[in-house]
């Protein structure tokens, strides 16, 4: 619980920084020739999919993108939620001098964003909110979660409806 309070305190002091690399697929990013890239973080809650882009795909920061959520048969898309993705990368050294990198990811969903299955967004950079080089780095990224529930899409008609 103490870690959560420390994280919240650090977040309030965080400054937006360019994307940085790490060994983890989520929360990592890189910069090349004055262009920053970061992973697209997409999640689904319930049976459905998102296309044409996919989770983890490296995209240009600051550029506009469009994805669409499509429910599986018998389910309906309800909404998109933005999701804050916190990545903790800890480096430890054991008694034998071996270096171990432990990375964990925590998702924090934000209240309902939009009910339109077509999501237009500008990819934000990965933000480093805490960095103790060689010990612990905490980053936050913004992703999106498509939510699906049992039922039919509003206004849709299946062939067996007559």
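Just a few scattered comments:
- Take 140-147, 56-63, 71-78 and order them by the average number of nearby Cβ atoms within 10 Å per residue, most first; the result is 140-147, 71-78, 56-63.
- Taken over the C-alpha atoms, segment 38-116 has Rg and Dmax values of 17.2, 55 angstrom.
- Our summary of shape: the Cα atoms of segment 63-162 have principal axis extents of 71, 29, 21 Å, ordered from largest down, in whole angstrom.
- Nitroxide proxy distance, nm - points 7 Å out along Cα→Cβ at residue 35 and residue 92: 4.0 nm
Since every read-out is calculated from the coordinates, none of them should be taken as a lab result. Note that the coordinates shown come from a computational prediction; the quantities given were computed from them, not determined experimentally. With ideal geometry, Cβ positions are generated from the backbone for all residues, glycine too; neighbour counts draw on all protein chains shown.
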